[in-house]
Amino acid sequence: MGFPTTRLRRLRQTEQLRSLVRETRLTPEAFVYPLFVCPGEGVRKEVRSMPGVFNLSVDEAVKEAQETYSLGVPAVILFGLPEKKDEVATGAWADDGIVQQAAQAIKREVPRLTMIGDVCLCEYMSHGHCGIVRAAGPQSLGAAVATPPGVGAEYEIVNDATLKLLARTSVSLARAGVDIIAPSDMMDGRVAAIRKGLDAAGLINTPILSYAAKFASGFYGPFREAADSAPQFGDRRSYQMDGANLREAMREIALDVEEGADMIMVKPAMPYLDVIAEARQRFDLPLAAYQVSGEYAMIEAAAHNGWIDRERVMMESLVSIRRAGASVILTYYAKEAARLV
Ligand SMILES: [Zn+2]
């Protein structure tokens, strides 16, 4: 039945009608708010390229966690800026690491807030890569840990040796009170290694949210300032995915599911909505998407210049991620969007 019998505009006449037939709705229960924890006390340092996002000392992170929870946002994801960095990412797995301290404090003060612990080594490595780095020259073959080579030198991010540190980090975070372990490094086999590590430590009930399809992306730029995690040489293309590959993304997700992931994630969100939609079609696990720093920074910058309506674009961007099929959205807009919906 076509026009003139059918007139789709009939249901668009008022906000009441539009709301009645709306297909996609946002709820605060689906949001996760990222927190960047740094040493010190009373520290609240704004990230230059992410207005409204801060590096927070543990005491300030607790306040932020309280506010987040009071707005109906059920979860935060924790990233750490350690005091010191080294070649074995000690700050990631040390029991007194910065995220471990924050997790203990938040668990004590906001016990019903779900804490997701991002598991990666880049923030804790002096070279800023997500795994152990080895010079690829013949002089160092066999060395599991080596001094990172200089700019332009050949190097390798060692997969299997990195897994041990990821598992160790996961156990340490879970023991500190982190509720969900979220590996973001893109090493092969990390989900299985982490599951094994958690189970061996008796943490059989700690779920894993895998950053299963994480693309090497220019949209991470501002995050690297926020988490002080830019690689000191080279880039992350030998482990993060090529943005051109949808089929490979499905293989990444399938492997993580097989290895025991409880939830899966696609990152970034807006430039990869097709990947989110395809993952929703193919997999029955809860699906998350990360609206990354560059997506946030673009909206903020354009709004700051008066070129777009900030709130409207913010909500539209979140609806698009939800409509593509993500049931959980990690976003720097979590608190603000929760106020609006
Ligand atoms: Zn990393």
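The values are calculated or read from the model by the stated rules, or taken from the named source; none is laboratory data. Here the structure is a predicted model, which is why all the values come from computation and not from measurement. In this analysis, Cβ positions are derived from the backbone assuming ideal geometry, glycine residues included, and neighbour counts consider all displayed protein chains. Side chains are part of the model used for accessible areas, which takes the heavy atoms of the whole protein and leaves out ligands, DNA and RNA. Shrake-Rupley method; radii C 1.70, N 1.55, O 1.52, S 1.80 Å.
Looking at (1) within 16 Å of the ligand (Cβ to nearest atom); (2) under 30 Å from Arg48 (Cβ atoms), which is the only condition Ala212 fails?
Tallying (1) within 16 Å of the ligand (Cβ to nearest atom); (2) under 30 Å from Arg48 (Cβ atoms), Ala212 fails exactly one: (2).
When Asp160 is evaluated against the numbered criteria (1) crowded, with 19+ Cβ neighbours inside 10 Å; (2) at pLDDT 95 or above; (3) part of a helix (DSSP H, G or I), which criterion, by number, is the only one it fails?
Asp160 satisfies all of (1) crowded, with 19+ Cβ neighbours inside 10 Å; (2) at pLDDT 95 or above; (3) part of a helix (DSSP H, G or I) except (1).
Here is a list of conditions, (1) in contact with a Phe, Trp or Tyr (Cβ under 7 Å, 6 or more places away or on another chain); (2) open to solvent by less than 20 Å² (accessible area, probe 1.4 Å), and Leu78 meets all of them except one; can you say which number that is?
Answer for Leu78: the failing condition is (1).
All but one of (1) outside any helix (DSSP H, G or I); (2) without any contact (Cβ under 8 Å) to a residue 24 or more places away in the chain hold for Ala289; state the number of the condition that does not hold.
Here Ala289 clears every test but (2).
Filter segment 40-93 down to the residues that are of a type in the set (Gly, Ala, Ser) and touching a strand residue (DSSP E or B) at 6+ places or on another chain (Cβ under 8 Å) and list them by number. Can you show your working first?
Filtering segment 40-93 down to residues of a type in the set (Gly, Ala, Ser) leaves 40, 42, 49, 52, 57, 61, 65, 70, 72, 75, 80, 89, 91-92.
Scanning segment 40-93 gives Gly52, Ser57, Ala61, Ala65, Ala75, Gly80, Ala89, Gly91, Ala92.
If you check Glu278, Glu295, Glu248, which single one turns out to be surrounded by fewer than 17 Cβ atoms within 10 Å (Cβ to Cβ), of a type in the set (Asp, Glu) and more than 16 Å from the ligand (Cβ to nearest atom)?
Details: Glu278 fails: surrounded by fewer than 17 Cβ atoms within 10 Å (Cβ to Cβ); Glu295 fails: surrounded by fewer than 17 Cβ atoms within 10 Å (Cβ to Cβ).
The unique qualifying residue is Glu248.
Given Asp228, Asp199, which one is acidic (Asp, Glu) and over 17 Å from Gly294 (Cα atoms)?
Only one candidate qualifies: Asp199.
Can you name the residue in segment 223-238 that is open to solvent by less than 20 Å² (accessible area, probe 1.4 Å) and either among the β-branched types (Val, Ile, Thr) or touching a helix residue (DSSP H, G or I) at 6+ places or on another chain (Cβ under 9 Å) (or both) and is also farthest from the ligand (Cβ to nearest atom) among such residues?
Here the answer is Ala226.
Looking only at segment 2-38, which residues are assigned to a helix (DSSP H, G or I) and within 25 Å of Ala182 (Cβ to Cβ)?
Within segment 2-38, the first condition is being assigned to a helix (DSSP H, G or I), and the residues that meet it are 8-12, 15-20, 28-30.
Residues satisfying the conditions are Pro28, Glu29, Ala30.
Looking at segment 105-125, which of its residues are within 16 Å of the ligand (Cβ to nearest atom) and among the aliphatic types (A, V, I, L, M)?
Ile116, Val119, Leu121, Met125, listed by residue number.
Working only within segment 168-196, note down all residues that are open to solvent by less than 20 Å² (accessible area, probe 1.4 Å), among the small types (Gly, Ala, Ser) and away from the ligand (no atom under 16 Å from the Cβ).
Result: Ser172, Ala174, Ala176, Gly177.
For Ala301, indicate whether it is in a helix (DSSP H, G or I) and open to solvent by less than 10 Å² (accessible area, probe 1.4 Å).
So Ala301 does not fit the description; no.
Select, from Pro4, Pro34, the only residue that is out of contact with any Pro (no Cβ under 7 Å at 6 or more places or on another chain), modelled with pLDDT of 95 or more and under 27 Å from Tyr296 (Cβ atoms).
Pro34
For segment 81-104, does any single residue satisfy the condition of being within 16 Å of the ligand (Cβ to nearest atom), assigned to a loop (DSSP other than H, G, I, E, B) and of a type in the set (Asp, Glu)?
yes
Can you tell which of Gly72, Gly128 is modelled with pLDDT under 95 and either more than 16 Å from the ligand (Cβ to nearest atom) or on the phi > 0 side of the Ramachandran plot (or both)?
Only one candidate qualifies: Gly128.
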